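Engineer: Encoded as structure tokens, here's the structure I'll be asking about.
The values are calculated or read from the model by the stated rules, or taken from the named source; none is laboratory data. Keep in mind that what you see is a predicted model, and the values were worked out from it rather than measured. Counting neighbours? That spans all protein chains shown, and the Cβs are built from the backbone with ideal geometry, glycine included. SASA here: full protein model, heavy atoms, side chains in, ligands and nucleic acids out. Shrake-Rupley method; radii C 1.70, N 1.55, O 1.52, S 1.80 Å.
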Amino acid sequence: MLAFVAKRTLAVIPVMVVVSVVVFLLLRLSPGDPALVIAGDNADAEALQRIRTALGLDQPLATQFIIWMGNTLSGDLGTSIFTNLPVTELILQRVEPTLSLALTTMLFAISVAVPLGTVAGATAGSWLDRTLMAVSVVGFSVPAFVLGYCMIYLFSLKFGWLPVQGFTSISEGVLPFLRSIALPTVTLGLAYMVLIARITRASVLEMMGEDFIRTARAKGVAERLVITHHALRNAAIPILTVIGIGVALLISGVVVIETVFNIPGIGRLVVDAILKRDYPVIQGVILLFSAVYVLINLAIDIGYALLDPRVRY
């Protein structure tokens, strides 16, 4: 097991190197001159040159990458062009709302989707199964921002149960925190939930036709234990896979949902940085999101080995 974990961990290094190169080139080779953005349209050539020199943009591309990579490895993601604050500091200021939204969304989606998908797969053709399939179509079809505005109208404007926008830290109280995060969590979690539920249903349904299920029933094992201890356990690998894949959906959805609900998180930070062409901030946030996605998939790979010892060999 230790050898398997070490091998998977070492495989992350070249992946992150490739990601770093792509992030660096994506912004450096995109149209537009950050020096011109900073100085304004009326700046003269001398002023533009001074800014390019200060940012290192007059260096060869390879030299820029080596300097940037060295700073990144030391924890320095650069300095924001517009706020003149370290990118790391800006990210730390915004990390709590984003982390809270991501964790509550995953908890909500997984805790609802896995039981629903398991029951639907074990009772294929029932009303619950058909309802889940219908809801999943709606969940995938309706864009997150449309669903978000509908939720705001219904639960905030019409009934007044929840706040329209904003974020309240958990340090100010659990109830205010839950009230502020409830609508964004449900909005973001619906598509993630139906994705997990559909895969759970399909995996459990496939397991229910296997010989070991019939053997367990023939031995007189209770149906509840047949479903949870035999069918669901053996269907765990596909479910774990889709949970990992869904993290990409979660990361992209955070940007949209934070904008809709005016949550001052990392998603809003990257949107503002893109509008201002604040290259250091964009690079830092994209690199952070990429690292999170890679590390979560590493955890999923290790989870495979824990659930199925055959994966280690």
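Engineer: For segment 94-132, how many residues meet the condition of being touching a Lys or Arg at 6+ places or on another chain (Cβ under 8 Å) and free of Cβ contacts under 8 Å to residues at least 40 places away in the same chain?
Structural biologist: Within segment 94-132, residues that are touching a Lys or Arg at 6+ places or on another chain (Cβ under 8 Å) and free of Cβ contacts under 8 Å to residues at least 40 places away in the same chain number 0.
Engineer: Here is a list: F4, F65. Which entry is over 19 Å from L269 (Cβ atoms), at pLDDT 80 or above and over 25 Å from the mean Cα position of the chain (by Cα)?
Structural biologist: Being over 19 Å from L269 (Cβ atoms), at pLDDT 80 or above and over 25 Å from the mean Cα position of the chain (by Cα) holds for just one of F4, F65, which is F65.
Engineer: Scan segment 163-212 for residues that are more than 20 Å from the chain's Cα centre (by Cα), within 30 Å of S126 (Cβ to Cβ) and charged (D, E, K, R) and report the count.
Structural biologist: Qualifying residue count for the region: 4.
Engineer: Just one of the numbered conditions (1) under 15 Å from G189 (Cα atoms); (2) surrounded by 14 or more Cβ atoms within 10 Å (Cβ to Cβ) is not true of V138; which one?
Structural biologist: Against the list (1) under 15 Å from G189 (Cα atoms); (2) surrounded by 14 or more Cβ atoms within 10 Å (Cβ to Cβ), V138 comes up short only on (2).
Engineer: Here are I263, I239, I257, I282: which of them is touching a residue at least 60 places away in the same chain (Cβ under 8 Å), open to solvent by less than 20 Å² (accessible area, probe 1.4 Å) and not in a helix (DSSP H, G or I)?
Structural biologist: Of the residues listed, the single one that is touching a residue at least 60 places away in the same chain (Cβ under 8 Å), open to solvent by less than 20 Å² (accessible area, probe 1.4 Å) and not in a helix (DSSP H, G or I) is I263.
Engineer: A further question on this structure: Please pick out the residue among L157, L147, L162 that is at pLDDT 80 or above, open to solvent by 50 Å² or more (accessible area, probe 1.4 Å) and either touching a strand residue (DSSP E or B) at 6+ places or on another chain (Cβ under 7 Å) or of a type in the set (A, V, I, L, M) (or both).
Structural biologist: L157
Every residue, every condition in (1) at positive phi; (2) modelled with pLDDT of 75 or more; (3) exposed (fewer than 13 other Cβ atoms within 10 Å of the Cβ), yes or no:
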residue: R8; (1), (2), (3): no, no, no
residue: P14; (1), (2), (3): no, yes, yes
residue: F24; (1), (2), (3): no, yes, no
residue: L29; (1), (2), (3): no, no, yes
residue: A43; (1), (2), (3): no, no, no
residue: I51; (1), (2), (3): no, no, no
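Engineer: Test V146 against the stated conditions and say whether it is farther than 19 Å from I263 by Cβ and assigned to a helix (DSSP H, G or I).
Structural biologist: The answer is no for V146.
Engineer: Out of the residues in segment 204-216 meeting the condition of being in a helix (DSSP H, G or I), out of contact with any Ser or Thr (no Cβ under 9 Å at 6 or more places or on another chain) and not acidic (D, E), tell me which one is farthest from T118 (Cα to Cα).
Structural biologist: Per the stated criteria, the residue is T215.
Engineer: Let me ask another. Of the residues V119, V221, V164, which is part of a helix (DSSP H, G or I) and either among the hydrophobic types (A, V, I, L, M, F, W, C) or within 18 Å of I239 (Cα to Cα) (or both)? It would help to see each step written out before you state the result.
Structural biologist: Working: V221 fails: part of a helix (DSSP H, G or I); V164 fails: part of a helix (DSSP H, G or I).
After ruling out the rest, the residue left standing is V119.
Engineer: Pairs only if they're at least six apart or on different chains, beta carbon under 6 angstrom, first in segment 291-304 and over 21 Å from S20 (Cβ atoms), second surrounded by fewer than 16 Cβ atoms within 10 Å (Cβ to Cβ) and of a type in the set (V, I, T); list them, first residue then second.
Structural biologist: Here the result reads I302/V5; Y304/V311, each pair linking segment 291-304 to a residue that is surrounded by fewer than 16 Cβ atoms within 10 Å (Cβ to Cβ) and of a type in the set (V, I, T).
Engineer: Quick one: is V226 under 27 Å from G303 (Cβ atoms), among the β-branched types (V, I, T), surrounded by 14 or more Cβ atoms within 10 Å (Cβ to Cβ) and touching a Leu at 6+ places or on another chain (Cβ under 7 Å)?
Structural biologist: Answer is no for this residue.
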